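First comes the structure, then the notes that go with it.
The values are calculated or read from the model by the stated rules, or taken from the named source; none is laboratory data. Predicted model, so just to flag it, every value in this text is computed and none were measured. When we count neighbours, we look across all protein chains shown, and the Cβ atoms used for this are built from the backbone with ideal geometry, even at glycine. Note: accessible area is taken over every heavy atom of the protein model, side chains too, but ligands, DNA and RNA are not part of it. Shrake-Rupley method; radii C 1.70, N 1.55, O 1.52, S 1.80 Å.
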Amino acid sequence: MSDDTRATIRQFICGRFPSVSISDTDDIFAIGVATSLFAMELVIFVENTFGFQVPNEELEMANFRSVEAIAALVARQSATVAGGTG
Amino acid sequence: MTPERSAFRAFVDETVAPRADEFERDERIPDDVYKAVGAHGWWGAVVPASAGGTGFDMRTLAALHEEIGRGCSSLRSLLTVHTMGAYALYRWGSAAAREQWLPDVVTGAARMAFCLTEPQAGSDATMVATTATPDGSDFVLDGVKRWITGGQVADLFLVFARTPRGPAAFLVDARNPGVSRSPISNVLGTRASMLAEVRLTGCRVPGTALVGAAGAGMLVATGALDLGRLSVAAGSCGIIDACLDATVAHTAGRVQGGGLLRDHQLVRAKVSDMLTDLYAARELVSRAARLKDAGDPETINATWVAKYHASTAAMRAATDAVQLHGALGCADGHPVNRYFRDAKVMEIIEGSTQIQQVTIAEHAYRRVPAANASGGAR
Ligand SMILES: Cc1cc2nc3c(=O)[nH]c(=O)nc-3n(C[C@H](O)[C@H](O)[C@H](O)COP(=O)(O)OP(=O)(O)OC[C@H]3O[C@@H](n4cnc5c(N)ncnc54)[C@H](O)[C@@H]3O)c2cc1C
(Lines give C-alpha, C1' and ligand atoms only; values in the text may rest on other atoms or scores of the structure.)
Protein backbone atom coordinates (compact mmCIF):
# COMPACT_ATOMS: atom_id res chain seq x y z
CA MET A 1 0.00 0.00 0.00
CA SER A 2 1.33 3.40 -0.92
CA ASP A 3 2.84 5.82 1.55
CA ASP A 4 0.39 8.39 0.20
CA THR A 5 -2.59 6.39 1.41
CA ARG A 6 -1.05 5.95 4.83
CA ALA A 7 -0.23 9.65 5.02
CA THR A 8 -3.79 10.62 4.04
CA ILE A 9 -5.21 8.35 6.73
CA ARG A 10 -2.74 9.57 9.37
CA GLN A 11 -3.50 13.17 8.46
CA PHE A 12 -7.23 12.58 8.89
CA ILE A 13 -6.86 10.93 12.30
CA CYS A 14 -4.45 13.58 13.55
CA GLY A 15 -6.74 16.29 12.19
CA ARG A 16 -9.58 14.89 14.26
CA PHE A 17 -7.32 14.57 17.33
CA PRO A 18 -5.01 17.58 17.01
CA SER A 19 -3.04 16.92 20.17
CA VAL A 20 -2.14 13.34 19.34
CA SER A 21 0.54 11.80 17.19
CA ILE A 22 0.34 8.14 16.33
CA SER A 23 2.41 5.55 14.57
CA ASP A 24 0.94 3.58 11.69
CA THR A 25 0.58 0.48 13.83
CA ASP A 26 -0.90 2.07 16.98
CA ASP A 27 -4.32 0.65 17.86
CA ILE A 28 -6.20 3.96 18.15
CA PHE A 29 -9.02 2.36 20.12
CA ALA A 30 -6.76 0.51 22.56
CA ILE A 31 -4.58 3.54 23.36
CA GLY A 32 -7.63 5.63 24.18
CA VAL A 33 -7.38 8.05 21.27
CA ALA A 34 -10.66 7.01 19.68
CA THR A 35 -14.00 5.77 20.94
CA SER A 36 -16.37 3.49 19.07
CA LEU A 37 -18.28 6.58 17.88
CA PHE A 38 -15.16 7.60 15.97
CA ALA A 39 -15.45 4.38 13.96
CA MET A 40 -18.39 5.85 12.06
CA GLU A 41 -16.33 8.94 11.25
CA LEU A 42 -13.65 6.63 9.91
CA VAL A 43 -16.15 4.79 7.71
CA ILE A 44 -17.41 8.10 6.26
CA PHE A 45 -13.84 9.30 5.74
CA VAL A 46 -12.67 6.13 4.02
CA GLU A 47 -15.70 5.93 1.75
CA ASN A 48 -15.55 9.55 0.67
CA THR A 49 -11.79 9.80 0.35
CA PHE A 50 -11.09 6.54 -1.43
CA GLY A 51 -14.34 6.30 -3.36
CA PHE A 52 -15.77 2.93 -2.41
CA GLN A 53 -18.46 1.68 -0.08
CA VAL A 54 -17.10 -0.55 2.68
CA PRO A 55 -18.70 -3.93 1.92
CA ASN A 56 -20.43 -5.83 4.72
CA GLU A 57 -17.71 -8.47 4.95
CA GLU A 58 -15.13 -5.75 5.67
CA LEU A 59 -17.29 -3.95 8.22
CA GLU A 60 -15.16 -5.01 11.17
CA MET A 61 -13.62 -2.85 13.86
CA ALA A 62 -10.32 -4.64 13.20
CA ASN A 63 -10.19 -2.94 9.81
CA PHE A 64 -10.31 0.50 11.41
CA ARG A 65 -7.97 0.02 14.37
CA SER A 66 -4.83 1.55 12.91
CA VAL A 67 -3.48 3.49 9.97
CA GLU A 68 -1.98 0.23 8.73
CA ALA A 69 -5.27 -1.68 8.99
CA ILE A 70 -7.22 1.04 7.18
CA ALA A 71 -4.57 1.24 4.46
CA ALA A 72 -4.81 -2.53 4.00
CA LEU A 73 -8.59 -2.24 3.66
CA VAL A 74 -8.17 0.48 1.04
CA ALA A 75 -5.64 -1.68 -0.82
CA ARG A 76 -7.99 -4.69 -0.84
CA GLN A 77 -10.90 -2.62 -2.10
CA SER A 78 -8.79 -0.90 -4.76
CA ALA A 79 -7.68 -4.33 -5.96
CA THR A 80 -11.30 -5.48 -6.07
CA VAL A 81 -12.33 -2.45 -8.09
CA ALA A 82 -9.33 -2.81 -10.41
CA GLY A 83 -10.04 -6.54 -10.81
CA GLY A 84 -13.69 -5.81 -11.49
CA THR A 85 -13.00 -3.34 -14.26
CA GLY A 86 -10.06 -5.13 -15.72
CA MET B 1 -38.78 28.83 1.93
CA THR B 2 -37.86 26.09 -0.54
CA PRO B 3 -40.67 24.65 -2.70
CA GLU B 4 -40.16 21.30 -0.94
CA ARG B 5 -40.62 22.84 2.50
CA SER B 6 -43.74 24.68 1.30
CA ALA B 7 -45.19 21.35 0.16
CA PHE B 8 -44.36 19.69 3.51
CA ARG B 9 -45.87 22.64 5.36
CA ALA B 10 -49.07 22.58 3.34
CA PHE B 11 -49.43 18.82 3.90
CA VAL B 12 -48.96 19.17 7.66
CA ASP B 13 -51.37 22.10 7.93
CA GLU B 14 -54.01 20.20 6.03
CA THR B 15 -53.58 16.57 7.03
CA VAL B 16 -51.63 16.36 10.28
CA ALA B 17 -51.86 19.37 12.61
CA PRO B 18 -55.67 19.65 12.73
CA ARG B 19 -55.94 16.00 13.78
CA ALA B 20 -52.89 15.64 16.02
CA ASP B 21 -54.87 15.94 19.26
CA GLU B 22 -57.27 13.27 17.99
CA PHE B 23 -54.28 10.97 17.23
CA GLU B 24 -53.03 11.62 20.73
CA ARG B 25 -56.39 10.77 22.31
CA ASP B 26 -56.69 7.58 20.27
CA GLU B 27 -53.01 6.78 20.86
CA ARG B 28 -52.57 5.85 17.24
CA ILE B 29 -51.80 7.26 13.82
CA PRO B 30 -54.63 6.16 11.52
CA ASP B 31 -53.96 4.23 8.32
CA ASP B 32 -55.11 7.06 6.08
CA VAL B 33 -52.30 9.25 7.41
CA TYR B 34 -49.76 6.48 6.84
CA LYS B 35 -51.06 6.18 3.29
CA ALA B 36 -51.02 9.95 2.70
CA VAL B 37 -47.36 10.10 3.79
CA GLY B 38 -46.67 7.11 1.53
CA ALA B 39 -48.39 8.73 -1.43
CA HIS B 40 -45.75 11.46 -1.28
CA GLY B 41 -42.94 8.90 -1.09
CA TRP B 42 -41.81 10.17 2.31
CA TRP B 43 -41.44 6.77 3.98
CA GLY B 44 -38.69 6.13 1.45
CA ALA B 45 -37.23 9.63 1.47
CA VAL B 46 -33.78 8.45 2.61
CA VAL B 47 -33.46 5.71 -0.01
CA PRO B 48 -31.95 6.84 -3.33
CA ALA B 49 -34.21 6.97 -6.36
CA SER B 50 -31.99 4.35 -8.04
CA ALA B 51 -33.15 1.90 -5.35
CA GLY B 52 -36.82 2.88 -5.59
CA GLY B 53 -36.87 5.58 -2.92
CA THR B 54 -37.46 9.32 -3.12
CA GLY B 55 -33.80 10.15 -2.60
CA PHE B 56 -34.01 13.41 -0.68
CA ASP B 57 -30.75 15.07 0.27
CA MET B 58 -30.27 15.47 4.01
CA ARG B 59 -31.34 19.12 4.12
CA THR B 60 -34.63 18.26 2.45
CA LEU B 61 -35.05 15.25 4.72
CA ALA B 62 -34.50 17.48 7.76
CA ALA B 63 -37.03 20.01 6.48
CA LEU B 64 -39.59 17.20 6.07
CA HIS B 65 -39.00 15.93 9.60
CA GLU B 66 -39.16 19.45 11.02
CA GLU B 67 -42.49 20.16 9.37
CA ILE B 68 -43.99 16.81 10.37
CA GLY B 69 -42.68 17.43 13.90
CA ARG B 70 -44.37 20.82 13.94
CA GLY B 71 -47.69 19.08 13.40
CA CYS B 72 -47.30 15.86 15.35
CA SER B 73 -44.25 14.49 17.16
CA SER B 74 -45.73 10.99 17.21
CA LEU B 75 -45.90 10.84 13.43
CA ARG B 76 -42.42 12.31 13.26
CA SER B 77 -41.14 9.61 15.66
CA LEU B 78 -42.67 6.91 13.47
CA LEU B 79 -41.06 8.51 10.43
CA THR B 80 -37.75 8.66 12.33
CA VAL B 81 -37.55 4.96 13.18
CA HIS B 82 -38.84 3.92 9.77
CA THR B 83 -36.19 6.10 8.11
CA MET B 84 -33.46 4.62 10.32
CA GLY B 85 -34.58 1.11 9.46
CA ALA B 86 -34.93 1.84 5.75
CA TYR B 87 -31.45 3.35 5.70
CA ALA B 88 -29.88 0.34 7.44
CA LEU B 89 -31.72 -2.06 5.12
CA TYR B 90 -30.64 -0.18 2.01
CA ARG B 91 -27.10 0.45 3.19
CA TRP B 92 -26.17 -2.80 4.93
CA GLY B 93 -28.94 -5.31 4.21
CA SER B 94 -28.19 -8.49 2.26
CA ALA B 95 -29.20 -8.61 -1.40
CA ALA B 96 -31.97 -11.08 -0.51
CA ALA B 97 -33.33 -8.85 2.26
CA ARG B 98 -33.28 -5.77 0.07
CA GLU B 99 -35.08 -7.60 -2.68
CA GLN B 100 -37.69 -8.92 -0.28
CA TRP B 101 -38.34 -5.77 1.75
CA LEU B 102 -37.13 -2.57 0.14
CA PRO B 103 -40.00 -2.11 -2.36
CA ASP B 104 -42.59 -2.21 0.44
CA VAL B 105 -40.45 -0.29 2.92
CA VAL B 106 -40.04 2.71 0.62
CA THR B 107 -43.79 3.00 0.12
CA GLY B 108 -44.60 2.41 3.77
CA ALA B 109 -46.55 -0.75 2.93
CA ALA B 110 -44.06 -2.45 5.27
CA ARG B 111 -43.56 -0.43 8.46
CA MET B 112 -40.23 -0.60 10.24
CA ALA B 113 -39.27 -0.28 13.90
CA PHE B 114 -35.86 0.04 15.56
CA CYS B 115 -35.21 -2.33 18.47
CA LEU B 116 -32.17 -1.46 20.53
CA THR B 117 -33.40 -0.60 24.04
CA GLU B 118 -34.01 -3.34 26.60
CA PRO B 119 -35.08 -3.38 30.23
CA GLN B 120 -31.39 -3.35 31.28
CA ALA B 121 -29.91 -1.57 28.25
CA GLY B 122 -30.78 2.09 27.74
CA SER B 123 -28.14 4.76 27.31
CA ASP B 124 -25.46 2.07 27.49
CA ALA B 125 -26.05 -0.06 24.41
CA THR B 126 -23.18 -2.37 25.34
CA MET B 127 -25.55 -3.83 27.95
CA VAL B 128 -27.78 -5.39 25.27
CA ALA B 129 -28.57 -8.91 26.48
CA THR B 130 -30.61 -10.21 23.54
CA THR B 131 -28.71 -13.06 21.98
CA ALA B 132 -28.49 -14.26 18.39
CA THR B 133 -27.19 -17.81 18.44
CA PRO B 134 -25.86 -19.19 15.15
CA ASP B 135 -27.53 -22.44 14.13
CA GLY B 136 -26.35 -23.72 10.77
CA SER B 137 -26.86 -20.81 8.41
CA ASP B 138 -29.62 -19.37 10.64
CA PHE B 139 -29.58 -17.33 13.84
CA VAL B 140 -31.93 -17.84 16.78
CA LEU B 141 -32.81 -14.66 18.68
CA ASP B 142 -33.90 -14.49 22.31
CA GLY B 143 -34.52 -11.37 24.36
CA VAL B 144 -36.82 -8.47 25.19
CA LYS B 145 -36.88 -5.04 23.53
CA ARG B 146 -38.74 -2.24 25.26
CA TRP B 147 -40.00 1.25 24.34
CA ILE B 148 -40.14 0.39 20.67
CA THR B 149 -41.73 3.22 18.66
CA GLY B 150 -44.21 1.79 16.17
CA GLY B 151 -43.71 -1.63 17.75
CA GLN B 152 -47.47 -2.24 17.87
CA VAL B 153 -47.85 -2.00 14.10
CA ALA B 154 -44.42 -2.68 12.59
CA ASP B 155 -44.05 -5.32 9.91
CA LEU B 156 -40.28 -5.45 10.12
CA PHE B 157 -38.01 -4.97 13.11
CA LEU B 158 -34.35 -3.98 13.03
CA VAL B 159 -33.12 -5.84 16.11
CA PHE B 160 -29.75 -5.54 17.83
CA ALA B 161 -28.37 -8.61 19.54
CA ARG B 162 -25.15 -10.22 20.74
CA THR B 163 -23.51 -12.91 18.66
CA PRO B 164 -20.36 -14.91 19.49
CA ARG B 165 -18.52 -12.51 17.11
CA GLY B 166 -19.89 -9.37 18.78
CA PRO B 167 -22.95 -7.15 18.41
CA ALA B 168 -25.01 -7.49 15.26
CA ALA B 169 -28.21 -6.21 13.67
CA PHE B 170 -30.95 -8.41 12.22
CA LEU B 171 -34.13 -7.92 10.25
CA VAL B 172 -36.99 -9.73 11.91
CA ASP B 173 -40.32 -10.26 10.16
CA ALA B 174 -43.10 -9.39 12.62
CA ARG B 175 -44.99 -12.52 11.46
CA ASN B 176 -42.18 -14.73 12.75
CA PRO B 177 -43.74 -17.13 15.31
CA GLY B 178 -40.91 -16.25 17.71
CA VAL B 179 -42.13 -12.63 17.94
CA SER B 180 -44.73 -11.37 20.39
CA ARG B 181 -45.51 -7.79 21.33
CA SER B 182 -47.47 -5.95 23.96
CA PRO B 183 -48.53 -2.32 23.67
CA ILE B 184 -47.18 0.34 26.01
CA SER B 185 -49.80 3.03 26.47
CA ASN B 186 -50.34 6.28 28.34
CA VAL B 187 -46.74 7.39 27.93
CA LEU B 188 -45.95 11.01 28.89
CA GLY B 189 -45.39 12.21 25.32
CA THR B 190 -45.55 11.08 21.68
CA ARG B 191 -48.64 9.18 22.78
CA ALA B 192 -49.69 8.21 19.28
CA SER B 193 -46.37 6.56 18.47
CA MET B 194 -47.74 3.10 19.24
CA LEU B 195 -44.94 1.93 21.54
CA ALA B 196 -44.56 -1.73 22.33
CA GLU B 197 -42.46 -4.23 24.16
CA VAL B 198 -41.21 -6.79 21.65
CA ARG B 199 -40.33 -10.27 22.88
CA LEU B 200 -38.17 -12.63 20.87
CA THR B 201 -38.38 -16.27 21.92
CA GLY B 202 -36.53 -18.86 19.90
CA CYS B 203 -36.96 -16.49 16.98
CA ARG B 204 -35.25 -18.15 14.03
CA VAL B 205 -34.08 -15.93 11.16
CA PRO B 206 -32.06 -16.82 8.07
CA GLY B 207 -28.44 -15.69 7.68
CA THR B 208 -29.64 -13.20 5.06
CA ALA B 209 -31.43 -11.33 7.86
CA LEU B 210 -28.05 -10.16 9.16
CA VAL B 211 -27.54 -6.43 8.53
CA GLY B 212 -23.88 -5.57 8.04
CA ALA B 213 -21.76 -8.28 9.64
CA ALA B 214 -21.65 -10.16 12.93
CA GLY B 215 -19.56 -7.86 15.11
CA ALA B 216 -20.59 -4.72 13.18
CA GLY B 217 -23.77 -4.07 15.16
CA MET B 218 -22.37 -0.96 16.82
CA LEU B 219 -21.49 0.56 13.45
CA VAL B 220 -24.95 -0.16 12.08
CA ALA B 221 -26.54 1.26 15.23
CA THR B 222 -24.31 4.34 15.12
CA GLY B 223 -25.11 4.97 11.46
CA ALA B 224 -28.86 4.58 11.97
CA LEU B 225 -28.90 6.57 15.21
CA ASP B 226 -26.97 9.40 13.57
CA LEU B 227 -29.80 9.72 11.09
CA GLY B 228 -32.40 9.36 13.85
CA ARG B 229 -30.68 12.10 15.80
CA LEU B 230 -30.85 14.47 12.84
CA SER B 231 -34.55 13.66 12.55
CA VAL B 232 -35.23 14.28 16.26
CA ALA B 233 -33.23 17.53 16.10
CA ALA B 234 -35.31 18.64 13.13
CA GLY B 235 -38.53 17.52 14.83
CA SER B 236 -37.53 19.54 17.88
CA CYS B 237 -37.26 22.63 15.66
CA GLY B 238 -40.82 21.84 14.59
CA ILE B 239 -41.93 21.82 18.23
CA ILE B 240 -40.32 25.22 18.83
CA ASP B 241 -42.01 26.61 15.72
CA ALA B 242 -45.39 25.28 16.87
CA CYS B 243 -44.86 26.73 20.37
CA LEU B 244 -44.02 30.09 18.86
CA ASP B 245 -47.09 30.07 16.60
CA ALA B 246 -49.38 29.18 19.50
CA THR B 247 -47.77 31.69 21.84
CA VAL B 248 -47.88 34.73 19.56
CA ALA B 249 -51.47 33.92 18.58
CA HIS B 250 -52.57 33.59 22.19
CA THR B 251 -50.70 36.57 23.61
CA ALA B 252 -51.80 38.80 20.73
CA GLY B 253 -55.43 38.28 21.69
CA ARG B 254 -55.50 37.95 25.46
CA VAL B 255 -56.01 41.04 27.62
CA GLN B 256 -54.62 40.99 31.17
CA GLY B 257 -53.09 43.67 33.38
CA GLY B 258 -54.68 46.49 31.41
CA GLY B 259 -53.43 45.45 28.01
CA LEU B 260 -52.70 42.69 25.61
CA LEU B 261 -50.22 40.10 26.88
CA ARG B 262 -48.13 40.78 23.79
CA ASP B 263 -47.40 44.29 25.06
CA HIS B 264 -45.81 43.13 28.32
CA GLN B 265 -42.02 43.20 28.21
CA LEU B 266 -41.68 39.92 30.11
CA VAL B 267 -43.87 38.19 27.53
CA ARG B 268 -41.80 39.64 24.71
CA ALA B 269 -38.60 38.36 26.32
CA LYS B 270 -39.93 34.79 26.17
CA VAL B 271 -41.14 35.18 22.61
CA SER B 272 -37.78 36.57 21.49
CA ASP B 273 -35.99 33.62 23.16
CA MET B 274 -38.22 31.19 21.28
CA LEU B 275 -37.56 32.79 17.93
CA THR B 276 -33.81 33.01 18.55
CA ASP B 277 -33.69 29.38 19.68
CA LEU B 278 -35.65 28.34 16.59
CA TYR B 279 -33.25 30.05 14.21
CA ALA B 280 -30.18 28.75 16.05
CA ALA B 281 -31.52 25.19 16.18
CA ARG B 282 -32.43 25.26 12.50
CA GLU B 283 -28.96 26.47 11.58
CA LEU B 284 -27.33 23.68 13.59
CA VAL B 285 -29.59 21.09 11.95
CA SER B 286 -28.88 22.56 8.56
CA ARG B 287 -25.12 22.46 9.22
CA ALA B 288 -25.27 18.81 10.27
CA ALA B 289 -27.34 17.97 7.18
CA ARG B 290 -25.00 19.90 4.88
CA LEU B 291 -22.00 18.02 6.27
CA LYS B 292 -23.81 14.72 5.69
CA ASP B 293 -24.55 15.68 2.11
CA ALA B 294 -20.88 16.57 1.67
CA GLY B 295 -19.70 13.26 3.19
CA ASP B 296 -17.79 15.12 5.90
CA PRO B 297 -17.11 12.98 9.02
CA GLU B 298 -17.64 16.08 11.20
CA THR B 299 -21.34 15.50 10.58
CA ILE B 300 -21.41 12.95 13.40
CA ASN B 301 -20.47 15.52 16.04
CA ALA B 302 -22.47 18.27 14.32
CA THR B 303 -25.56 16.09 14.63
CA TRP B 304 -25.01 15.53 18.37
CA VAL B 305 -24.66 19.28 18.82
CA ALA B 306 -27.78 19.99 16.76
CA LYS B 307 -29.85 17.45 18.66
CA TYR B 308 -28.59 18.69 22.04
CA HIS B 309 -29.42 22.29 21.29
CA ALA B 310 -32.70 21.68 19.46
CA SER B 311 -34.16 19.27 22.03
CA THR B 312 -33.26 21.38 25.05
CA ALA B 313 -34.49 24.51 23.26
CA ALA B 314 -37.76 22.72 22.45
CA MET B 315 -38.20 21.96 26.14
CA ARG B 316 -37.57 25.63 27.01
CA ALA B 317 -39.98 26.83 24.33
CA ALA B 318 -42.68 24.38 25.39
CA THR B 319 -42.27 25.34 29.05
CA ASP B 320 -42.67 29.02 28.16
CA ALA B 321 -45.57 28.30 25.82
CA VAL B 322 -47.49 26.55 28.60
CA GLN B 323 -46.58 29.36 31.00
CA LEU B 324 -47.86 32.07 28.67
CA HIS B 325 -51.10 30.18 28.05
CA GLY B 326 -51.73 29.98 31.80
CA ALA B 327 -54.38 27.41 32.80
CA LEU B 328 -55.28 26.94 29.15
CA GLY B 329 -51.83 25.51 28.56
CA CYS B 330 -52.47 22.90 31.24
CA ALA B 331 -55.82 21.87 29.77
CA ASP B 332 -56.25 18.38 28.42
CA GLY B 333 -56.34 18.46 24.62
CA HIS B 334 -54.70 21.87 24.23
CA PRO B 335 -51.82 21.65 21.71
CA VAL B 336 -49.25 23.37 23.96
CA ASN B 337 -49.97 20.79 26.64
CA ARG B 338 -48.97 18.17 24.02
CA TYR B 339 -45.89 20.13 22.89
CA PHE B 340 -44.70 20.27 26.48
CA ARG B 341 -45.00 16.51 26.98
CA ASP B 342 -43.54 15.71 23.56
CA ALA B 343 -40.59 18.06 24.12
CA LYS B 344 -39.58 16.12 27.23
CA VAL B 345 -39.42 12.93 25.16
CA MET B 346 -37.05 14.70 22.71
CA GLU B 347 -34.61 15.07 25.61
CA ILE B 348 -34.61 11.31 26.20
CA ILE B 349 -34.69 9.59 22.80
CA GLU B 350 -31.76 9.18 20.40
CA GLY B 351 -29.34 9.88 23.25
CA SER B 352 -30.56 11.66 26.37
CA THR B 353 -29.47 15.23 27.10
CA GLN B 354 -26.82 13.93 29.49
CA ILE B 355 -25.44 11.51 26.92
CA GLN B 356 -25.30 14.37 24.40
CA GLN B 357 -23.33 16.43 26.90
CA VAL B 358 -20.93 13.59 27.66
CA THR B 359 -20.35 12.96 23.96
CA ILE B 360 -20.00 16.58 22.90
CA ALA B 361 -17.54 17.23 25.73
CA GLU B 362 -15.58 14.13 24.68
CA HIS B 363 -15.31 15.68 21.23
CA ALA B 364 -14.07 18.95 22.71
CA TYR B 365 -11.40 17.08 24.68
CA ARG B 366 -9.93 15.73 21.46
CA ARG B 367 -7.97 18.97 21.47
CA VAL B 368 -5.82 17.77 24.36
CA PRO B 369 -4.09 14.41 24.84
CA ALA B 370 -6.29 11.59 26.18
CA ALA B 371 -5.44 10.68 29.76
CA ASN B 372 -4.35 7.18 28.78
CA ALA B 373 -3.14 7.85 25.25
CA SER B 374 0.36 6.47 25.04
CA GLY B 375 0.74 8.09 21.63
CA GLY B 376 -0.10 11.53 22.96
CA ALA B 377 3.35 12.61 24.05
CA ARG B 378 5.18 11.53 20.99
C1 LIG C 1 -41.29 7.73 23.78
C2 LIG C 1 -40.07 6.88 23.64
C3 LIG C 1 -39.81 6.23 22.44
C4 LIG C 1 -38.71 5.37 22.34
N5 LIG C 1 -38.51 4.68 21.15
C6 LIG C 1 -37.48 3.78 21.08
C7 LIG C 1 -37.30 2.97 19.90
O8 LIG C 1 -38.04 3.09 18.92
N9 LIG C 1 -36.29 2.06 19.89
C10 LIG C 1 -35.44 1.91 20.93
O11 LIG C 1 -34.54 1.09 20.84
N12 LIG C 1 -35.58 2.67 22.06
C13 LIG C 1 -36.57 3.58 22.16
N14 LIG C 1 -36.74 4.35 23.29
C15 LIG C 1 -35.83 4.16 24.40
C16 LIG C 1 -34.81 5.28 24.51
O17 LIG C 1 -33.86 5.19 23.49
C18 LIG C 1 -34.18 5.17 25.91
O19 LIG C 1 -35.19 5.56 26.82
C20 LIG C 1 -32.95 6.03 26.06
O21 LIG C 1 -31.87 5.48 25.36
C22 LIG C 1 -32.54 6.17 27.54
O23 LIG C 1 -32.44 4.92 28.12
P24 LIG C 1 -33.21 4.61 29.49
O25 LIG C 1 -34.61 5.06 29.35
O26 LIG C 1 -32.97 3.19 29.82
O27 LIG C 1 -32.53 5.55 30.56
P28 LIG C 1 -31.15 5.28 31.32
O29 LIG C 1 -30.09 4.95 30.36
O30 LIG C 1 -31.38 4.35 32.45
O31 LIG C 1 -30.87 6.73 31.88
C32 LIG C 1 -31.58 7.28 32.97
C33 LIG C 1 -31.02 8.68 33.24
O34 LIG C 1 -29.63 8.59 33.54
C35 LIG C 1 -28.90 9.44 32.68
N36 LIG C 1 -27.62 8.80 32.33
C37 LIG C 1 -27.43 7.58 31.77
N38 LIG C 1 -26.11 7.37 31.56
C39 LIG C 1 -25.47 8.48 31.97
C40 LIG C 1 -24.10 8.89 31.99
N41 LIG C 1 -23.13 8.10 31.51
N42 LIG C 1 -23.81 10.11 32.47
C43 LIG C 1 -24.79 10.94 32.93
N44 LIG C 1 -26.10 10.61 32.94
C45 LIG C 1 -26.43 9.40 32.46
C46 LIG C 1 -29.77 9.60 31.44
O47 LIG C 1 -29.50 10.82 30.79
C48 LIG C 1 -31.15 9.61 32.04
O49 LIG C 1 -31.45 10.90 32.47
C50 LIG C 1 -37.82 5.22 23.42
C51 LIG C 1 -38.07 5.92 24.61
C52 LIG C 1 -39.16 6.73 24.73
C53 LIG C 1 -39.40 7.45 26.01
Please report the spacing between the Cα centers of the stretch B:298-348 and the stretch B:39-56 in Å, no decimals.
29 Å
Relative contact order of chain A (C-alpha contacts under 8 Å, at least 6 apart) in percent is 36 percent
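Looking at the protein assembly as shown, I'd like the Rg to Rh ratio, where Rg is from alpha-carbon atoms and Rh is Kirkwood's inverse mean 1/r.
Details: Rg = 23.0 Å, Rh = 23.1 Å.
When Rh is taken as the Kirkwood radius, the ratio is 0.99.
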Lysine pairs in the protein assembly as shown with Cα distance under 26 Å, only those 8 or more apart or on different chains: how many are there?
6
Rounded to whole Å², per residue accessible area for the protein assembly as shown with a 1.4 Å probe reads 41 Å²
Nearest-0.05 FRET efficiency for A:Met61 and B:Ser180 at R0 = 41 Å, using Cβ-Cβ distance, is 0.80
Please list the helices of chain A that count as membrane-span-like by this rule: a mean Kyte-Doolittle hydropathy of at least 0.0 together with Cα atoms stretching 24 Å or more along the helix axis, each helix being a complete DSSP H run.
A:67-85
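Carbon and sulfur together cover what percent of the accessible area of the stretch B:3-107 at a 1.4 Å probe radius? Walk me through the numbers on the way to the answer.
Numbers: 1850 of 3800 Å².
Summing carbon and sulfur atoms, their accessible area is 49 percent of the total for the stretch B:3-107.
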Measure of compaction for chain B (Cα Rg per 2.2 N^0.38 Å)
1.01
If the label point is 7 Å along Cα→Cβ of B:Asp296, which residues in the stretch B:347-362 have backbone nitrogen under 20 Å from it?
B:360-362
Estimated buried accessible area (total), pair A and B, 1.4 Å, Å² to nearest 100:
2600 Å²
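Measure off, as a whole percent, the carbon and sulfur share of the 1.4 Å-probe accessible area of the stretch B:146-281, all protein chains present. Write down the numbers at each step before the final one.
Numbers: 2810 of 5250 Å².
Taking all protein chains in place, the stretch B:146-281 shows 54 percent carbon and sulfur surface.
With the cut-off at 1.5 for a/c, could you classify the stretch A:3-83 from its C-alpha gyration tensor as rounded, prolate or oblate? Don't skip to the end; give the middle numbers.
Details: a/c = 1.85, a/b = 1.53, b/c = 1.21.
Note, shape of the stretch A:3-83 comes out prolate.
Helix-derived [θ] at 222 nm for chain A: sum -39500 (n - 2.57) over DSSP H runs of at least 4, divide by residue count, nearest 500?
Details: 3 runs with 48 residues, N = 86.
That comes out to -18500 deg cm²/dmol.
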Across the alpha-carbon set of the stretch B:5-101, Rg over Rh with Rh taken as the Kirkwood radius works out to 0.99
Label B:Thr201 and B:Ala361 with points 7 Å out from Cα along Cα→Cβ: what is the distance between them in nm?
4.3 nm
Lys/Arg Cβ at +1, Asp/Glu Cβ at -1, dipole of the stretch B:218-374 taken about the Cα centre: which of B:Tyr279, B:Val248, B:His309 is farthest positive-ward?
B:Val248
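Only helices at least 30 Å long along their axis, Cα-based, and averaging 0.0 or more on Kyte-Doolittle count here, so list those DSSP H runs from chain B. Walk me through the intermediate numbers first.
Working: long enough: B:217-253 (53 Å, 1.02); B:265-293 (42 Å, -0.15); B:299-325 (37 Å, 0.07).
TM-like helix candidates: B:217-253, B:299-325.
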